[in-house]
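Taking it in order: structure first as structure tokens, then the write-up.
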Amino acid sequence: MVTDEEIERAAAILRAGGLVAFPTETVYGLGADAANATAVRRIFAAKGRPADHPLIVHISDMSGLKHWAVDVPRGAWLLAEKYWPGPLTMILKRAPHVADAVTGGERTIGLRVPSHPVAQRLLRAFGGGVAAPSANRFGHLSPTTAGHVREDLGEAVDAILDGGACPVGIESTIVDLSGAQPAILRPGHIGAKQIEDALLVQLGAAGAASPRAPGRLASHYAPLTALKLMHPDEIENFIRRQAPGAAVAVLARRSRPRDTRAALWQVAPEQPEDYARHLYALLRRIDSAGCALILVETPPELPEWAAVRDRLSRAASSAEPAALPSAVAAR
Ligand code: TXA
Ligand code: MG
């Protein structure tokens, strides 16, 4: 339980230019007053994040759209009505007063109304916009508990509001509405079909013309241990070919086969939404087990798995041959 006193104290920290980590329905955010460029720059320092990476500004309700963005298209209001508060971020043309520190110098701004009750209470007590990336060190797995935030950022944060485990578990869907045709920049809990149905238009492909979304870089959301996606049928043979003693961890949706040579077998939930909710916590747990390699069963090629597939393929890109243990790289 987060008390009203904690909320008031956190709002006062934001007003004073400090950093507050807070739960959202997706992942924990590392927040600063979006109207205070000095405070926003502290976020980048705490995360070790390059300064040209734009932040999402969190607002308490859709009335803030007009303050932070200009030329707000009808589609943005439609999506706001339907999915805010919720795990959806919209990229819009930024208002002139928005600091470059927030948008990484882009002419657009990312806006989101989170639904988590603690995030809502904080935003209402504070009264302004809160710029917040995920509360992890740059490039690491996003935190879905207050404990994860403490592990990653510890002393760099002035307060951590503990709202328990995040119910969605992966970052918000990002829709770009700043160009001629809406496009999804990052898949999430709210799927492409749902966005298309609300907008009554077909989504474009995120192309060279879309704003950069650095979360789309390879090697994001990655554990420290090398990670490889693999078809379920190939896993056992692959492990057999490893040097003796090379500890391999497996993340799979089926239970541990009796004869597996995996050093660690972690069972993940069957359904995509449950899988997403637990994904980062499971990867953190496996990551700390000291294995040489994590093999993850490739999720199904179905639309409802798009967001999980996206995060796993980014986590996997850290497993380029050079980063693999020699027994693997030699093959
Ligand atoms: O669920 C979430 O979105 C979480 C919670 C805390 O709200 N936040 C989050 O923030 O994932 P972050 O900074 O880790 O990822 C935000 C993504 C980045 O990939 C960034 O490039 C993109 O949003 N983004 C933000 N503003 C943008 C803009 N103006 N243009 C293009 N991409 C933008
Ligand atoms: Mg992030």
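Springs join every pair of Cα atoms under 10 Å in this Gaussian network model of the chain, and among GLU301, GLU196, GLU270 the largest mean-square fluctuation is at GLU301.
Listed highest first by mean packing, meaning other Cβ atoms within 10 Å per residue, what order do 21-28, 130-137 come in? Write down the numbers at each step before the final one.
Numbers: 21-28: 27.9, 130-137: 26.0.
Taking the mean over residues of other Cβ atoms within 10 Å, the ranking is 21-28, 130-137.
Using the rule -39500 (n - 2.57) for each DSSP H run of four or more residues, divided by the residues of the chain, the 222 nm mean residue ellipticity is -8500 deg cm²/dmol.
Share of antiparallel DSSP beta bridges in the chain, in percent to the nearest 5?
Details: 17 of 40 bridges.
Of those bridges, close to 45 percent are antiparallel.
Within the stretch 113-154, the proportion of Cα pairs with more than 14 Å between them is 56 percent.
Phi angles of the stretch 45-61 translate, via the Karplus equation with coefficients 6.51, -1.76, 1.60 and θ = phi - 60°, into HN-Hα couplings of 5, 5, 7, x, 9, x, 5, 8, 8, x, 9, 8, 9, 9, 10, 7, 7 Hz per residue; Gly and Pro are given as x.
Entry note, the chain: relative contact order of 19 percent, from Cα contacts under 8 Å with a spacing of 6+ residues.
The charge dipole of the chain, taken about the Cα centre with unit charges on the Cβ atoms of Lys, Arg (+1) and Asp, Glu (-1), comes to about 580 debye, rounded to the nearest 20. The listed peptides 44-53, 258-267, ordered by packing as a protection proxy, come out as 44-53, 258-267 (highest mean of other Cβ atoms within 10 Å first).
If you take the beta carbon distance between ALA45 and ARG258 as r and set R0 to 51 Å, what does 1/(1 + (r/R0)^6) give as a FRET efficiency, to the nearest 0.05? About 0.55, to the nearest 0.05. Sequentially through the stretch 140-148, phi angles give Karplus couplings (6.51, -1.76, 1.60; θ = phi - 60°) of 7, 5, 5, x, 10, 9, 5, x, 4 Hz, Gly and Pro residues having no value and appearing as x. The H on the amide N of ARG186, modeled in the peptide plane, is under 5 Å from the matching H of ILE174, each at least 5 residues off or on a different chain. Candidates PRO272, LEU224, ILE190 compared by Cα position along the dipole of the chain: farthest toward the positive end lies LEU224, with charges placed on Cβ. Overall shape: oblate for the stretch 3-135, with the ratio a/c of the largest to smallest alpha carbon gyration tensor axis at 1.5 or above and b/c at least equal to a/b.
Summing +1 for each Lys or Arg and -1 for each Asp or Glu, what net charge is found among the other residues whose Cβ lies under 15 Å from the Cβ of ALA39? Before the final figure, lay out each step's value.
Details: positive: ARG15, ARG41, ARG42, LYS47, ARG49; negative: ASP33, ASP100, ASP158.
Surrounding charge for ALA39 is +2.
What ratio of Cα Rg to 2.2 N^0.38 Å holds for the chain?
Numbers: Rg = 20.2 Å, N = 331, 2.2 N^0.38 = 20.0 Å.
Ratio of Cα Rg to 2.2 N^0.38 Å: 1.01.
The packing ranking, built from the mean of other Cβ atoms within 10 Å per residue, places the peptides 106-113, 238-245 in the order 106-113, 238-245, highest first.
Comparing GLY110, ILE170, ALA249 along the charge dipole axis of the chain, the residue lying farthest to the positive side is ALA249, per the Cβ-charge model. Taking the C-alpha atoms only, the angle from helix 117-126 to the longest principal axis of the chain is near 30 degrees. Solvent-accessible area per residue in the chain equals 43 Å², computed with a 1.4 angstrom probe and all protein chains kept.
Computed in the context of the full set of protein chains, the accessible area of the chain at 1.4 Å probe radius has 52% of its extent on carbon or sulfur.
The values are calculated or read from the model by the stated rules, or taken from the named source; none is laboratory data. If you're wondering where the values come from, they're calculated on a predicted model, not measured in any experiment. Cβ: placed from backbone, ideal geometry, glycine included. Neighbour counts: every protein chain shown. What goes into the accessible areas is simple: the full protein's heavy atoms, side chains included, and nothing from ligands, DNA or RNA. Shrake-Rupley method; radii C 1.70, N 1.55, O 1.52, S 1.80 Å.
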